[in-house]
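Read through the structure below, which is laid out as structure tokens, and then see the notes.
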Amino acid sequence: MSGDNHLNPPKQSRSRKTLERIVQAALEILGEQGHKALTVQTVVDRAHSSVGSFYARFSGKEDLLDYLGERLWDEALERWDSAIRSRNWSEIDLQDIAESSVSLLVEIGVSRAVYLQALDQAQGMNGVAYNRFRDRVLGDVAEILLTCQGEISHPEPDLAVRLGLLAAEGMIQGDQAALGGPAPIEVVAGEAANILLHYLTAGSPPRAPVETSEKVDFFDIWS
């Protein structure tokens, strides 16, 4: 992964364990106190390590933050790839995939883990790794939706799927001030899914809910 440009790679098992303690300590501090509380000293104290061990791996705090941002999103990409390979998408209908796709966009864009929010706020984090993850997910979800072409009535399914996903994402991430105040995110997500379905099916009413219908849970992004 690109974060290896910052890291002096550990070669021995003991050294790898030290790295993992440093990483875990940094994530705990970010999640509990935010990035301002994260210093080299607070990390090594919590990791029961030493300043020398830290600088053997990173040039400083910003280097560690860059590594964490890239590593977390790289690991999310690996889990994502595994999740989409594990299903036969042709067995799941358009409405289930569309609704779950919008829920996934909410998880990616809004309901991030606390430590990821802290990483986003940290100095020097420019969102490159997050944007790479987002672009991959949007592209793959578009391909998954296109497995339901028999249910898509738009004359250009490929274009419709990609534009529909961008519109849904825009609703989720957009400024809601013009609406007189923020609406609950679950309401926005539900309406975004309805708009996506309406656009793809040219207004055909969605099927009635079926109790046996499969709820698509793509994967746990933040595990």
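The values are calculated or read from the model by the stated rules, or taken from the named source; none is laboratory data. This structure is a prediction, so every number in the text was calculated from the model and none was measured. In this analysis, Cβ positions are derived from the backbone assuming ideal geometry, glycine residues included, and neighbour counts consider all displayed protein chains.
The figures follow:
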{"item": "One residue from 76, 47 being within 13 Å of residue 27 (Cα to Cα), among the small types (Gly, Ala, Ser) and either buried (at least 20 other Cβ atoms within 10 Å of the Cβ) or touching a residue at least 40 places away in the same chain (Cβ under 8 Å) (or both)", "result": "47"}
{"item": "Per-region count, segment 63-86, residues farther than 14 Å from residue 22 by Cβ and hydroxyl-bearing (Ser, Thr, Tyr)", "result": "2"}
{"item": "Condition broken by residue 90, with the remaining ones in (1) small (Gly, Ala, Ser); (2) in contact with a helix residue (DSSP H, G or I) (Cβ under 7 Å, 6 or more places away or on another chain); (3) not in a helix (DSSP H, G or I) satisfied", "result": "(3)"}
{"item": "Residue 98 part of a helix (DSSP H, G or I) and modelled with pLDDT of 80 or more", "result": "yes"}
{"item": "Matching residues, segment 101-115, being within 21 Å of residue 170 (Cβ to Cβ) and in a helix (DSSP H, G or I)", "result": "101, 102, 103, 104, 105, 106, 107, 108, 109"}
{"item": "Tally of residues being at pLDDT 70 or above and of a type outside the set (A, V, I, L, M) across segment 170-202", "result": "11"}
{"item": "Within segment 12-81, helices (runs of 4 or more DSSP H) holding 1 or more residues that are over 27 Å from the mean Cα position of the chain (by Cα) and among the hydrophobic types (A, V, I, L, M, F, W, C)", "result": "40-47, 51-55"}
